[in-house]
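Student: To start, I am sharing the structure in question, which I have written as structure tokens.
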Amino acid sequence: EAVDALDLSGRVTMASMATEMGGIIALFTPNEEVLSQFEGGVEAIVADADAHYEQEFVVDVDGAGPMLSRPGHPEDVVPVADLLGTRIDSAFIGSCTNGRYADLEAAAQILKGRTVAPGVVLKVVPSTDDVWKRCLEKGLIDVFKKAGALIGNAGCAGCAAGQIGQNGPGEVTISTGNRNFAGKQGKGEVYLASPALVAASAVAGVIAVPEDIPAPTPRPAPEPTTTAAPASDADAGPTTVRGRVWVIDRENIDTDMIFHNRYLAITEVAEMGQYAFDNLEGREDFATKVRPGDIVITGGNFGCGSSRQQAVDCFASLGVSLLVAKSFGAIYERNAINSGFPILAADLTRAGLSDGDEIEVDLETGRVTLPGGETLEVAPFSDVQLEIYRRGGLLR
């Protein structure tokens, strides 16, 4: 009786989940309501009246109520009542199981006149372009927008890496997706629920049911950060740097030459060094030859292009002690200074230096000592840069 009462959307959702039970196919005998949705009519596929079944099961769903799956296991289903009040960071409505118009309409009915809880991100992705257009025509997109949701182009979304709906480490998400295996929808925890439950939870900021959406509670404020005093001389980075030089006499070395965008998925600084200058013609082997303490000397506008912290961190990963350039791209300069990495704006490409020569640079005075003992005077670190450098970074 419960199955016969399911509409087409409900049947599609359940059929999609058959694979979690080890099934190849799940067949629901269509009723007249389902058949009426197909233009031109279709012939119903039904079992013979005298069909023999290998096994039959009866599932009593009376009083089941709304359920959800706990993180990591789509089969680990518990009553929503067991988890009411669990704080979430994000919510996702979409996927092949719950991205149809009826699903989005159910969510919109709850979101209309309400807004997503502060600190929570709600992502809505219609499953197909036709669904997207219908949502636009019927005003659902407007409801989602006014509620504060992030609306994506039609597609699978959260089930595929690089798309809207993936979460990050430590993030707790409630999702209408079909699977929540570890890593399937990102690096955080994912609860699976219906569109109505997800919408209600997004409004409340905690797992909630549509019939009882609590007012969002203030999210814990971040721990206050105190401005640390400048580090002592013993803890500060060295203000006199001595090392071998790498002279790269080129202008406009951009961040894709320094750290190409194909490596942006790398998040561990320790792993970034191996890709430094990987995309700079003639210097592709830099990371295999550089040694901790070495100094890089380049031309003007170093670090122009896309703003990416990895283009700074890759040198820190290798132990490079100083970057000297005629000038720096503005964003690169701030990224380096704010992270406490030493960079110096000076033109040393005309100082007669070759790869492997050793020089000494006093960051406080701007005095550069060349291999033969000759000295040059360049602009030293500003007071602000020196303070941040000694501190080990702006936020240290």
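Student: Scan region 25-50 for residues that are of a type in the set (A, V, I, L, M, F, W, C) and touching an Asp or Glu at 6+ places or on another chain (Cβ under 8 Å) and jot them down.
Tutor: Answer for region 25-50, where residues must be of a type in the set (A, V, I, L, M, F, W, C) and touching an Asp or Glu at 6+ places or on another chain (Cβ under 8 Å): just Val34.
Student: Also, I was wondering about something else. Can you name the residue in region 1-18 that is open to solvent by 40 Å² or more (accessible area, probe 1.4 Å) and without any contact (Cβ under 8 Å) to a residue 12 or more places away in the chain and is also nearest to Ser194 (Cα to Cα) among such residues?
Tutor: Ala5
Student: Which count do you get for residues in region 76-130 that are touching a residue at least 40 places away in the same chain (Cβ under 8 Å), under 15 Å from Asn178 (Cα atoms) and open to solvent by less than 10 Å² (accessible area, probe 1.4 Å)?
Tutor: Number satisfying all stated conditions: 8.
Student: Can you tell me which of (1) open to solvent by 50 Å² or more (accessible area, probe 1.4 Å); (2) touching a residue at least 40 places away in the same chain (Cβ under 8 Å); (3) in contact with a Gly (Cβ under 7 Å, 6 or more places away or on another chain); (4) at negative phi is the one Ser354 doesn't meet?
Tutor: Unmet for Ser354, out of (1) open to solvent by 50 Å² or more (accessible area, probe 1.4 Å); (2) touching a residue at least 40 places away in the same chain (Cβ under 8 Å); (3) in contact with a Gly (Cβ under 7 Å, 6 or more places away or on another chain); (4) at negative phi: (3).
Student: Which pairs turn up if I take residues in region 329-347 that are closer than 17 Å to Gly300 by Cα and charged (D, E, K, R) and look for partners that are assigned to a loop (DSSP other than H, G, I, E, B) and open to solvent by 50 Å² or more (accessible area, probe 1.4 Å) with beta carbon separation below 8 Å, at least 6 apart in sequence or on another chain?
Tutor: Cβ pairs passing all conditions: Asp347/Lys326.
Student: Here's another thing I want to ask about it. Which one is modelled with the lowest pLDDT among residues in region 155-179 that are closer than 13 Å to Phe92 by Cβ, of a type outside the set (Gly, Ala, Ser) and part of a loop (DSSP other than H, G, I, E, B)?
Tutor: The qualifying residue modelled with the lowest pLDDT is Gln163.
Student: Moving to a separate point now. Please go through region 162-191 and pick out each residue that is farther than 15 Å from Val77 by Cβ and not small (Gly, Ala, Ser).
Tutor: The answer is Gln163, Ile164, Gln166, Asn167, Pro169, Glu171, Val172, Thr173, Lys184, Gln185, Lys187, Glu189.
Student: From the set of residues in region 42-75 that are small (Gly, Ala, Ser) and either touching a Pro at 6+ places or on another chain (Cβ under 6 Å) or closer than 30 Å to Leu197 by Cβ (or both), which is most open to solvent (accessible area, probe 1.4 Å)? Walk me through it before giving the result.
Tutor: Going residue by residue through region 42-75, those that are small (Gly, Ala, Ser) are 44, 47, 49, 51, 63-65, 69, 72.
Among the residues that remain, those that are also either touching a Pro at 6+ places or on another chain (Cβ under 6 Å) or closer than 30 Å to Leu197 by Cβ (or both) are: 44, 63-65, 69, 72.
Values: Ala44: 35, Gly63: 85, Ala64: 52, Gly65: 50, Ser69: 10, Gly72: 21 Å².
The qualifying residue most open to solvent (accessible area, probe 1.4 Å) is Gly63.
Student: Can you find a residue in region 382-392 that is touching a Lys or Arg at 6+ places or on another chain (Cβ under 8 Å), at negative phi and either surrounded by fewer than 19 Cβ atoms within 10 Å (Cβ to Cβ) or assigned to a helix (DSSP H, G or I) (or both)? Quick ask: steps written out before the conclusion?
Tutor: Initial filter on region 382-392 (touching a Lys or Arg at 6+ places or on another chain (Cβ under 8 Å)): none.
Taking every residue of region 382-392 in turn, none turns out to be touching a Lys or Arg at 6+ places or on another chain (Cβ under 8 Å), at negative phi and either surrounded by fewer than 19 Cβ atoms within 10 Å (Cβ to Cβ) or assigned to a helix (DSSP H, G or I) (or both).
Student: Any idea which of (1) under 18 Å from Asp256 (Cβ atoms); (2) open to solvent by less than 20 Å² (accessible area, probe 1.4 Å) is the one Cys304 doesn't satisfy?
Tutor: All conditions pass for Cys304, except number (2).
Student: So which of Ser317, Ser321 ends up being crowded, with 19+ Cβ neighbours inside 10 Å, among the hydroxyl-bearing types (Ser, Thr, Tyr) and touching a residue at least 60 places away in the same chain (Cβ under 8 Å)?
Tutor: Matching residue, one of Ser317, Ser321: Ser321.
Student: Now, a different point. In region 28-56, how many are touching a helix residue (DSSP H, G or I) at 6+ places or on another chain (Cβ under 8 Å), assigned to a loop (DSSP other than H, G, I, E, B) and either hydrophobic (A, V, I, L, M, F, W, C) or touching a residue at least 24 places away in the same chain (Cβ under 8 Å) (or both)?
Tutor: 4
For every residue, the table says whether it meets (1) under 14 Å from Thr239 (Cβ atoms); (2) more than 25 Å from the chain's Cα centre (by Cα).
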| position | (1), (2) |
| --- | --- |
| Asp285 | no, yes |
| Thr298 | no, yes |
| Cys304 | no, no |
| Asp313 | no, no |
| Tyr332 | no, no |
| Ala345 | no, yes |
| Arg350 | no, yes |
| Ala379 | no, yes |
| Asp383 | yes, yes |
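Student: Right, here's the next one. Being more than 14 Å from Gly99 (Cβ to Cβ) and either touching a helix residue (DSSP H, G or I) at 6+ places or on another chain (Cβ under 7 Å) or assigned to a helix (DSSP H, G or I) (or both) is the filter here; which residues of region 197-208 pass it?
Tutor: Leu197, Ala200, Ser201, Ala202, Val203, Ala204, Ile207, Ala208
Student: So, one more: Does Ala182 satisfy being of a type in the set (A, V, I, L, M), modelled with pLDDT of 85 or more and either surrounded by fewer than 20 Cβ atoms within 10 Å (Cβ to Cβ) or in a loop (DSSP other than H, G, I, E, B) (or both)?
Tutor: Working: of a type in the set (A, V, I, L, M): yes; modelled with pLDDT of 85 or more: yes; either surrounded by fewer than 20 Cβ atoms within 10 Å (Cβ to Cβ) or in a loop (DSSP other than H, G, I, E, B) (or both): yes.
It is true that Ala182 is of a type in the set (A, V, I, L, M), modelled with pLDDT of 85 or more and either surrounded by fewer than 20 Cβ atoms within 10 Å (Cβ to Cβ) or in a loop (DSSP other than H, G, I, E, B) (or both).
Student: Residues in region 146-159: is at least one surrounded by fewer than 17 Cβ atoms within 10 Å (Cβ to Cβ) and free of Cβ contacts under 8 Å to residues at least 24 places away in the same chain?
Tutor: No: region 146-159 contains no residue that is surrounded by fewer than 17 Cβ atoms within 10 Å (Cβ to Cβ) and free of Cβ contacts under 8 Å to residues at least 24 places away in the same chain.
The values are calculated or read from the model by the stated rules, or taken from the named source; none is laboratory data. Bear in mind that the values here come from a model prediction, so they are computed numbers and not experimental data. Backbone-built Cβ (ideal geometry, glycine too); neighbour counts: all protein chains shown. SASA here: full protein model, heavy atoms, side chains in, ligands and nucleic acids out. Shrake-Rupley method; radii C 1.70, N 1.55, O 1.52, S 1.80 Å.
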